[in-house]
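Please read the structure below before turning to the comments.
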2 protein chains.
Amino acid sequence: MGKKDKQFVSEITPMEVDFPQWYTDVIKKTDLVDYSPVKGFMVIKHYGYEIWENIQQFLDKRFKETGHKNCYFPLLIPESLLKKEAEHVEGFAPEVAWVTHGGQEELAERLCVRPTSETIICEMYSKWLKSYRDLPFLFNQWCSVVRWEKSTRPFLRTSEFLWQEGHTLHETYEEAQEETIQMLNIYKEMAEDVLAIPVIIGRKSEKEKFAGAHATYTMEALMHDGKALQAGTSHNLAQHFTKAFDITYLDRAGELKNPYHTSWGVSTRLIGGIIMAHGDNRGLVLPPKIAPIQVAIVPIASHKAGVMEKALELFTQLKEEFRVELDDRENYSPGWKFNEWEMKGVPIRIEIGPKDIEKNQAMLFRRDTLEKEAASLDTLKEAVTQMIDDIQKNLLLKAKNMRDEKTYYVKNFEELKEIMGTRPGFVKAMWCEEGSCEDHIKEETGVTIRCIPFEQENLGDTCAFCEKPAKVMAYFAKAY
Amino acid sequence: MGKKDKQFVSEITPMEVDFPQWYTDVIKKTDLVDYSPVKGFMVIKHYGYEIWENIQQFLDKRFKETGHKNCYFPLLIPESLLKKEAEHVEGFAPEVAWVTHGGQEELAERLCVRPTSETIICEMYSKWLKSYRDLPFLFNQWCSVVRWEKSTRPFLRTSEFLWQEGHTLHETYEEAQEETIQMLNIYKEMAEDVLAIPVIIGRKSEKEKFAGAHATYTMEALMHDGKALQAGTSHNLAQHFTKAFDITYLDRAGELKNPYHTSWGVSTRLIGGIIMAHGDNRGLVLPPKIAPIQVAIVPIASHKAGVMEKALELFTQLKEEFRVELDDRENYSPGWKFNEWEMKGVPIRIEIGPKDIEKNQAMLFRRDTLEKEAASLDTLKEAVTQMIDDIQKNLLLKAKNMRDEKTYYVKNFEELKEIMGTRPGFVKAMWCEEGSCEDHIKEETGVTIRCIPFEQENLGDTCAFCEKPAKVMAYFAKAY
């Protein structure tokens, strides 16, 4: 590695030194995102947006396979609608952007830029729903939402972000509950099989649930710094909104009923999760399934006869099946290019030079393990396919191991504080399910209950914090 | 056709009686769209949104094939940015929505909801561009925009609509011009090959061009009522914005230069065009390539043994290649279903009953010609493929014939007025290219110059309106 290369790598602050700075360096230097002139609003550059497109593609397909259809509802919501569901307005009113003027005129009623669309969608559903025959309503929309945040970080917490929001209506509570869990499971499948991020799924505590929900379910991932990321939520809203918005239908017996209701969403926040679950001090490490570039081909001694031709041949051959980039830039050295593709998290780099061509081979470099191996040109496509598959699996395994190493069990508050102060991560503990314990922990340590996991373990009979009888085992962590 | 069926059809006002009412009836009764509680804002229901998804899919692929990448820029634009390009702010300021409060606080500077994103994108480009090596910039975004309209009609003119906006930078004027025309040609390809809508492409007059453009190019389609629809525009912005936003780069000679700039967009307005170019008094007629449902299977006497099984078999067989719906609803008669699928514009309806099964056939009904024919079940897939292809071609041909029948040539203003008063359509006329003629025509008749077509015809030497020497042949029409 030459001098220039070292300098290049060192532009990223090591994560052990300053994790937030590492994050900021990575997203800026890898061109995922940029800051905009409006505070808290980000520009998603194409390298970041392509990751989002790959996530969208997977989810949209799964949503459609499970019977959902896409619609589009208005960006602006009248204040009176936002106020219809009492808990909801309390939760969202403090953080919305208000449109007060349209063209030259002041509006009679101010409109908020949607922070989420339950209210406008319920207003429409109340017009559309007539009979039990119309149910279920299974609709989703892809859009941006605005929540006026005081302190923001690209992808993780921004005043505008991209997301999808599903909104469904059902005849019975049980069906709504089934839908809520089905969508959470699709999110888990996406997180683990596509993003290679292992997640804990479970229910939110009463204090942490969505404003207006009957119950909120979540998937929680652990980042390199031991903080949790809420990576997706699915809400059983029961009849909270359908009653507030007077959504009714004639049931099978001819009686007027309120349907049951769910909503669920994931956002560009997931990209922050990918960065912090897989990244290292060289930069991004992208799971092949969502990497905008899966393979970067770097010709070595490209001025020598036959090298560029062979590189182009490999490119042409591989691009039938993979997202490939041929790095034919003339004014950069191979070493510089190696570092750039490593920093950008490209899963596989292929090096091809005169000596390789002589041996009818190419060198395959894996971003996840930093290992290099030779592959015969006769079976290059197979070798790449296999390596892509290996990397995808290995990233999930590595992330699982990291999480497991940072997952602890505590018997009391002192232990929780000690762990959070020295080696933060997920803490499992028995809990009485009372808000007072939860408040106390949060006030003193900033630690919150991430979820009450579906997969319960009986770690004792009493609450670790108040010694009342324990009702559940919960995951605690500091969170983004 | 039974009594109930007739009544069903007659719910759509005939277009000859009242074209605007026909349009409103069609969009409401076919569930493409609904009005929202915010005046001028529409809800795009799934049947409408799926058409948009099909348009998106085609365009996104073509954009990527021509080297463009998607990004996402902020929804809100500071007033100071909007004001940087003088003509632009004059054009857009009167019709933007203003955000004045974020959360509980009044903003120091108000923000407009993007009406189009040249300003915010140029602000970012000025940060990103350094060297000629970075050029061209070829970026696009899919999003919604808001323009505060006084009188609105779903799809055609709404205060919010969905669109894509491409924004590119180039080293030379010629490259920018080439890009501008390339994108217009992709739009034309989409309009004609996908939407089956023939378009005239050409340049806008100085008065009709985009606020801030050096030159605007457009594609113009003719609707059933003889009014034109501007269906997509592509702008050569030259250096108007790059100078105003101080976008510079070091050129090949090491000198600081402003790049050349283009932008181009199409919107959900296209769906209005599809409705008004192909629809008839039975409702929608959708081109197969963008129809959410290409084939609807209606079982006849479905209670009889074997019918539902056979219908399901056809469904399973066809859905491998087509977007198919099996209409197995029990509480509707076949006649009612026929009308519904006709109204919804489904290109092919397949009827299958006991007598058909006996003959190893199904009946294929074409929405475009209203003709029915028998097809052997042994070669059903081939028959459907062929018919889909025929319908797509026939719709374009029909629309071309309709347009040609409504295209006139006039030698003077009297002739133009006479035609517009009795049989509106496209009027070709020689023009001096002076704004005074254009203004006079518009004031007296509401007719505007739609474009100066690339395909020029020499129809005389003098302007049809002022008798000065003619410079160009232009298309005139009333427009949406």
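When residues of the range A:108-127 are filtered for being outside any helix (DSSP H, G or I), surrounded by fewer than 21 Cβ atoms within 10 Å (Cβ to Cβ) and touching a Ser or Thr at 6+ places or on another chain (Cβ under 8 Å), how many remain? The number of residues fulfilling the criteria is 2. Scanning the range B:361-410 for residues that are in a loop (DSSP other than H, G, I, E, B), under 19 Å from B:Met276 (Cα atoms) and open to solvent by 40 Å² or more (accessible area, probe 1.4 Å) returns B:Thr369, B:Leu370, B:Lys406.
A single member of A:Lys406, A:Lys468, A:Lys400 is on the phi < 0 side of the Ramachandran plot and in contact with a Pro (Cβ under 7 Å, 6 or more places away or on another chain), and it is A:Lys400.
Looking across the range A:429-447, just one residue is under 23 Å from A:Asp404 (Cβ atoms) and surrounded by fewer than 20 Cβ atoms within 10 Å (Cβ to Cβ), and that is A:Thr445. Pairs meeting the criteria (first residue in the range A:64-76 and facing chain B (nearest Cβ under 7 Å), second residue surrounded by 17 or more Cβ atoms within 10 Å (Cβ to Cβ) and of a type in the set (S, T, N, Q), beta carbons under 7 Å, at least 6 apart or on different chains) are A:Asn70/A:Asn140; A:Asn70/A:Gln141; A:Cys71/A:Gln141; A:Tyr72/A:Gln141; A:Phe73/A:Ser117; A:Phe73/A:Gln141; A:Pro74/B:Ser36; A:Leu75/B:Ser144. Answer with yes or no whether B:Asp31 is under 21 Å from A:Leu162 (Cα atoms) and either open to solvent by 20 Å² or more (accessible area, probe 1.4 Å) or not in a strand (DSSP E or B) (or both). Taking the combined requirement at face value, the residue does not satisfy it. A single member of B:Glu11, B:Glu53 is in the same structural domain as B:Val96 (by TED's automatic domain parsing) and modelled with pLDDT of 95 or more, and it is B:Glu53.
For the range B:343-389, the set of residues classified as charged (D, E, K, R) and either more than 22 Å from B:Asp31 (Cα to Cα) or not assigned by TED's automatic domain parsing to the domain that holds B:Phe315 (or both) consists of B:Glu351, B:Lys355, B:Asp356, B:Glu358, B:Lys359, B:Glu371, B:Lys372, B:Glu373, B:Asp378, B:Lys381, B:Glu382, B:Asp389, listed by residue number.
Restricting the range A:39-49 to residues that are outside any strand (DSSP E or B) and open to solvent by less than 10 Å² (accessible area, probe 1.4 Å) leaves a set whose member that is nearest to the other protein chains (Cβ to nearest Cβ) is A:Phe41.
Scanning the range B:50-107 for residues that are open to solvent by less than 30 Å² (accessible area, probe 1.4 Å), touching a Pro at 6+ places or on another chain (Cβ under 8 Å) and in a helix (DSSP H, G or I) turns up B:Ile51, B:Asn54, B:Leu81, B:Phe92.
Going through B:Glu123, B:Glu149, B:Glu175 one at a time, which residue ends up being of a type outside the set (Val, Ile, Thr) and more than 14 Å from chain A (Cβ to nearest Cβ)?
The unique qualifying residue is B:Glu175.
Applying a threshold of 7 Å to beta carbon distances and a minimum spacing of six or more residues, or different chains, the list of pairs starting in the range A:17-43 at a residue that is β-branched (Val, Ile, Thr) and ending at one that is modelled with pLDDT under 95 and open to solvent by less than 60 Å² (accessible area, probe 1.4 Å) reads A:Val26/A:Ile12; A:Val33/A:Ile27.
The set of residues in the range A:382-425 that are small (Gly, Ala, Ser) and either under 24 Å from A:Lys289 (Cβ atoms) or without any contact (Cβ under 8 Å) to a residue 12 or more places away in the chain (or both) comprises A:Ala383, A:Ala399, A:Gly421. The single condition among (1) over 23 Å from B:Lys127 (Cβ atoms); (2) in contact (Cβ under 8 Å) with a residue 60 or more places away in the chain; (3) surrounded by fewer than 24 Cβ atoms within 10 Å (Cβ to Cβ) that B:Asp246 does not meet is (1).
If only residues of the range B:420-461 that are in contact with a Lys or Arg (Cβ under 7 Å, 6 or more places away or on another chain) and part of a helix (DSSP H, G or I) are counted, the one that is farthest from B:Tyr408 (Cα to Cα) is B:Gly435. Only one of the numbered conditions (1) within 30 Å of B:Lys398 (Cα to Cα); (2) among the aromatic types (Phe, Trp, Tyr); (3) open to solvent by less than 10 Å² (accessible area, probe 1.4 Å) is not met by B:Phe322, and that is (3).
The values are calculated or read from the model by the stated rules, or taken from the named source; none is laboratory data. Small disclaimer: the values here were computed from a predicted structure and weren't measured. Heads up, the Cβs are rebuilt from the backbone with ideal geometry, glycines too, and the neighbour counts pull from every protein chain shown. For the accessible areas, the whole protein counts, side chains as well, though only heavy atoms, and no ligand, DNA or RNA atoms are used. Shrake-Rupley method; radii C 1.70, N 1.55, O 1.52, S 1.80 Å.
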